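Written below as structure tokens is the structure these notes are about.
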Amino acid sequence: MGEVARGARALVVYPEIRGARAGVDPEARLEEAKGLALAIGLVVADAFVLPLRQVRPATLFGEGQIERMATACELEDAELVIVDGSLSGIQQRNLEEKLKRKVIDRTGLILEIFGERAATAEGRLQVELAHLDYQQSRLVRSWTHLERQRGGFGFLGGPGETQIEADRRMIRDRMGRLRKELEQVRRTRALHRKRRGRAPWPVIALVGYTNAGKSTLFNRLTGADVMAEDLLFATLDPTMRAISLPGVDKAILSDTVGFISDLPTQLVAAFRATLEEVIEADVILHVRDIANPDSLAQKRQVIGVLGDLGVIEGEGGESRVPILELWNKWDLLDEDRREELTGMAEQDPDVLPLSAETGFGVEPMLERVSQLLTEGARVYSILVPAKDGARIAWLHSHGEVLEEAEAGEDEDGPLRRVDVRLTAKEFGRYASL
């Protein structure tokens, strides 16, 4: 079966398996699947939920449901069928034979998006490793991407004519080389983090469900031009910029990959490194799309991932670092809903209404972040040699200098007394200079 191009018409199907996904809203999940298809440049020709009483090992769906899918493909002129669930290699092949169309599952679709969007060397390595891991589980698949340099792997673009059978040994060898390359990249990242650790700059990490508005907020706070569209997975590679806060001369703001429900296991492992900035953060900003009807379920997913990373212990559990919950897209709410949520937010100082699009709530949020970063700070009176301009400049740039005056001399010459407010962490860094 040939390759499918961008702009192709796709049928999106969500298999609602009885008892398999308690608490999941099938319609919300279907909307998310449509968003994934749009994110890769497909046209959603039709989409519907198919309830499954039992899973058929050969095809997942029953014959009647397959017939319905085939009819929809004919009526809507769909070239591609997206099944928002997990398909075995045999199920995928059998469905393709029955529907006479290309079929991909949720994992394949997300891998395709990640393959196209990954911008850094690390991101590309991680995507390829994840894709090879996925291909290992395909019993009958063909692939071309080992010969391809651009992003995208499964079904969009690429040579098509030169496909070769997926040889397991070749895949294993390639995965081994990729893991070595990734290990080198991670060592380099760890070295960069260590260097940043010696500089007294706190790290603020933006996390949240995909399309919650993290990149829009990142751009507003930094003046950067990170891709910020109404698309799932608009950001895949961690992006960092320096920002200033009230009382904090410099902090590092880190934008991260969006979280999503049922993220393929291959990607959970492969993209863990992109969340290292979250593990190292001094403050985490959890951006929620509060206008999304599935916002609470999305929050649970994010909390679950933070739990997996060891940042937080389950929903409502203790966090190792302060977490502010930002209720973004406030401008999209009607007046009654705003009033209702305002009352709820006022009960918790770590919940803040916000609109990254309009700027509403940004200043109070920055004040709260600054407060968290400077909590526990106290005033130190420090004697510094007057000729040691570097130390004096350090105290001015990394603390709040209340007073500076001459303070006599010692055997090395004139001294200055600097009264400066520092956190214990910053004072420790100063002491190690």
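Summary of computed values
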| read-out | value |
| --- | --- |
| Strands (runs of 3 or more DSSP E) wholly inside the stretch 1-111 containing at least 3 residues that are under 27 Å from GLN136 (Cα atoms) | 9-17, 80-83, 102-105 |
| Test: residue in the stretch 49-68 that is on the phi < 0 side of the Ramachandran plot, in contact (Cβ under 8 Å) with a residue 60 or more places away in the chain and surrounded by fewer than 17 Cβ atoms within 10 Å (Cβ to Cβ) | no |
| Close pairs from the stretch 6-34: first among the aromatic types (Phe, Trp, Tyr), partner part of a loop (DSSP other than H, G, I, E, B) and at pLDDT 85 or above, Cβ under 7 Å, at least 6 apart | TYR14/ASP84 |
| Residue in the stretch 301-312 that is assigned to a helix (DSSP H, G or I) and among the acidic types (Asp, Glu) present | yes |
| Pairs with Cβ under 9 Å, 6+ apart, first in the stretch 78-107 and within 15 Å of LEU50 (Cβ to Cβ), second assigned to a helix (DSSP H, G or I) and β-branched (Val, Ile, Thr) | SER86/THR107; LEU87/THR107; LEU95/ILE66; LYS98/ILE66; LEU99/ILE66 |
| Residue tally, condition of a type outside the set (Val, Ile, Thr), within 24 Å of VAL24 (Cα to Cα) and under 34 Å from the mean Cα position of the chain (by Cα), over the stretch 67-91 | 7 |
| Looking only at the stretch 1-30, and only at residues there that are within 19 Å of CYS73 (Cβ to Cβ) and of a type in the set (Val, Ile, Thr), the one that is modelled with the lowest pLDDT | VAL4 |
| Members of the stretch 276-301 that are buried (at least 23 other Cβ atoms within 10 Å of the Cβ) and at pLDDT below 90 | GLU277, ALA281, GLN298 |
| Single residue of ALA33, ALA45, ALA72 found to be at pLDDT 95 or above and in contact with a helix residue (DSSP H, G or I) (Cβ under 8 Å, 6 or more places away or on another chain) | ALA45 |
| Qualifying strands (runs of 3 or more DSSP E) (wholly inside the stretch 335-433; at least 2 residues being surrounded by fewer than 18 Cβ atoms within 10 Å (Cβ to Cβ)) | 378-385, 400-410, 413-422 |
| Every residue from the stretch 85-101 that is surrounded by 21 or more Cβ atoms within 10 Å (Cβ to Cβ) and touching an Asp or Glu at 6+ places or on another chain (Cβ under 8 Å) | GLY85, LEU87, GLN92 |
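The values are calculated or read from the model by the stated rules, or taken from the named source; none is laboratory data. All values reported here derive from a predicted model rather than from experimental measurement. Cβ: placed from backbone, ideal geometry, glycine included. Neighbour counts: every protein chain shown.
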